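Q: To start, I am sharing the structure in question, which I have written as structure tokens.
Nothing in this text is a laboratory measurement; each read-out follows from the coordinates by a stated rule. Quick caveat, the model's predicted, so the values are computed rather than measured. Backbone-built Cβ (ideal geometry, glycine too); neighbour counts: all protein chains shown.
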Ligand SMILES: Nc1ncnc2c1ncn2[C@@H]1O[C@H](COP(=O)(O)OP(=O)(O)O)[C@@H](O)[C@H]1O
Ligand SMILES: [Mg+2]
């Protein structure tokens, strides 16, 4: 079962959890995620395996006005974009795996193909051994999509939204409110805001409520698409420590897209660098730094140096790129 509220795909989070050991707090969470579907997988084995995946978009304007115009005149030629260009990678179970890339490099497309929202043109993807195409329903059951922007009832409070979500996921229990409050407070939301309408909360706080929801509905593979973009530094830290906690104490596997190099360095066990739909490099922070130090003779490179050396781009200049992208569309 999955939430019927369809979120936009801007900020997607998907979750899978290992079979809980008896007596852990997670075992008290029935959730929708059907853990019986999870093959027993040893730590360090592969949670996600992506093989030669490509995805091309034929760019069309999605604006109604232009659609109208197109009807009136001859159709403009579409410009194909290879959003994913022969991507292969593996995410190990219990890993925090970062996907670092400029806007438009294909990060969200990669998240969407892993979470079965998009079908790749070529290649295959397995999530805990299940093929995203052949076993789509199984993969979906292991996946939990969450969006900040559209899938909440904005007039309701964080508490009401989360109670709704967990009940929809079949959970009941005497202390759901206590559990929800604790998670929100752990994420840095003040207790007195828990019952305030969501529309009165900042985007950052709403983002945290989305993270809480993913967690409450029982995660194991968490796909985070830029969860901290636009958040203030304090909120970024809150989200990051929560992600760490999910991994350390709840055995989650996390794939996190970012264009924040400090975040990737602080949080990720391994980082995949993407550029123009291609995977440029994968490694631990130390491995990537060593690669660039050796190849380009840079002593003690920062992650920023690494990124610039490998892609020729400076992510600091990246904030306006979305609009560029729109223009090009
Ligand atoms: N639904 C779509 N239709 C057309 N083009 C798309 C679509 N989704 C993404 N793209 C294009 O694919 C490329 C990669 O986009 P995306 O995966 O969103 O990158 P990122 O998340 O790294 O910013 C961009 O050029 C983007 O414009
Ligand atoms: Mg994106």
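Q: How do 163, 288 line up, fewest other C-beta atoms within 10 Å first?
A: Values: 163 17, 288 27.
Taking fewest neighbouring Cβ atoms as first place, the list is 163, 288.
Q: Order of 250, 259 from fewest to most other C-beta atoms within 10 Å? Walk me through the numbers on the way to the answer.
A: Details: 250 19, 259 22.
Placing the least packed residue first, the sequence is 250, 259.
Q: Take every Cα-Cα distance within segment 267-321, group them into 10 Å bins from 0 onward, and report for each bin the whole-number percent of pairs it holds.
A: Per 10 Å bin, starting at zero, the Cα-Cα P(r) for segment 267-321 comes out as 25, 55, 19, 1 percent.
Q: Treat the count of other C-beta atoms within 10 Å as a stand-in for reagent exposure and order 294, 199, 265 from fewest to most. All intermediate terms of the calculation are to be shown ahead of the outcome.
A: Numbers: 294 9, 199 12, 265 18.
Placing the least packed residue first, the sequence is 294, 199, 265.
Q: Please state the Cα pair-distance histogram of segment 95-221 with 5 angstrom bins from zero: what percent is in each bin?
A: 2, 10, 17, 18, 17, 14, 12, 7, 2, 0
Q: Three principal axis extents, largest first, for the C-alpha atoms of segment 171-235, in Å?
A: So the extents along the principal axes, rounded to whole Å, are 36, 31, 19.
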